[in-house]
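**Q** Here it is, the structure, as structure tokens.
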């Protein structure tokens, strides 16, 4: 049984993410360039569950890297929690990632020789939290994702679905305002994928903003809103259900 987080207060249509005319271009040797994102604008509001969809090479992962403060746009504006990130140093961006953002990746990114509790509490080391408190908070987060009692096992001793739950617990450890999930079910079977997406749905119901990058329609269906990226441009932004109706029409 999954424990509950302390419910976060949902703002009255307050944008937690705002991008304006955002573009990303990669410059290569010999003067060649490749435009990956082209003049994208949208807002994501506190408490939303949004999927970012697109085929391989569409630019959706580049967009998530920028939203997650792992990369910078070439031009345009990105405002996170009411603050522009344009003038932030690399150190300041790292601090923002540690305090405001949780990441969940397709490959789990766990340290296989460290206990599950150690993996979950890893972000707290960079926040200067002591060992005892780190362990206690890890145990609490493992209970949130339904893994109470697994804290002293190794990742190699649990299933892939459980490993992804560990990754989600790690993403939650700093009580982030936003979770970015990049293809979080890509390495899981369909039953386990459904369980992970239902977990995201429950976390969202408790007030956490979730931005999900996926190319899978059945996974995107868990999000109410969808932003579709095609060849670096925003092709659609609206209710997922309305998009499905357009496709079937």
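Read-outs throughout are calculated quantities, based only on the coordinates presented, and are distinct from any laboratory measurement. It should be emphasised that the depicted structure is a prediction, and the values quoted were computed from it without experimental measurement. Glycine also receives a Cβ, built like all others from the backbone with ideal geometry; neighbour counts cover every protein chain displayed.
**Q** Tally the DSSP beta bridges in the chain and give the antiparallel ones as a percent, rounded to 5.
**A** Of the beta bridges lying entirely in the chain, close to 55 percent run antiparallel.
**Q** Between the helical axis of 131-144 and the dominant principal axis of the chain, each derived from Cα atoms, what acute angle in degrees is found, rounded to the nearest 10?
**A** 70 degrees
**Q** Still on this model: When the Kirkwood radius is taken over all Cα pairs of segment 1-135, what Stokes-Einstein diffusion coefficient follows at 25 °C and 0.890 mPa s, in µm²/s?
**A** 140 µm²/s
**Q** Another one. Remind me, relative contact order of the chain in percent, using alpha carbon pairs under 8 angstrom and six or more residues apart?
**A** Answer for the chain is 28 percent.
**Q** Could you state the number of Å between the C-alpha centres of segment 203-222 and segment 11-44?
**A** After rounding, the separation between the Cα centres reads 21 Å.
**Q** So between residue 131 and residue 21, what do we pick up on full extension, going 0.36 nm a residue minus the alpha carbon distance?
**A** 35.2 nm
**Q** Give me the angle, in degrees from 0 to 90, between the Cα long axis of helix 190-205 and the longest principal axis of the Cα atoms of the chain, rounded to the nearest 10.
**A** 90 degrees
**Q** Suppose we keep just the DSSP beta bridges with both residues in segment 93-238; what percent of those would be antiparallel, to 5?
**A** So the antiparallel bridges in segment 93-238 amount to around 35 percent.
**Q** Can you order the peptides 127-135, 169-177, 37-45 by their average number of other Cβ atoms within 10 Å per residue, highest first?
**A** So the peptides 127-135, 169-177, 37-45, ranked by packing, come out 169-177, 37-45, 127-135.
**Q** For the chain, take the longest principal axis of its alpha carbons; what is the angle in degrees between that and the long axis of helix 90-100, to the nearest 10 within 0 to 90?
**A** 60 degrees
**Q** Based on the Kirkwood radius over alpha-carbon pairs, what value in µm²/s does the Stokes-Einstein equation return for the translational diffusion coefficient of segment 66-171 at 37 °C and 0.692 mPa s?
**A** 219 µm²/s
**Q** Plugging the Kirkwood radius over Cα pairs into Stokes-Einstein for the chain, at a temperature of 37 °C and a viscosity of 0.692 mPa s, what D comes out in µm²/s?
**A** 175 µm²/s
**Q** Follow-up question, since we're still on this one. Using the alpha carbons of segment 109-240, what is the convex hull volume per residue in cubic angstrom, as a whole number?
**A** Taking the convex hull of the Cα positions in segment 109-240, it is 123 Å³ per residue.
**Q** Given a Förster distance of 45 Å, report the FRET efficiency between residue 241 and residue 29 from their Cβ-Cβ distance, rounded to the nearest 0.05.
**A** 0.45
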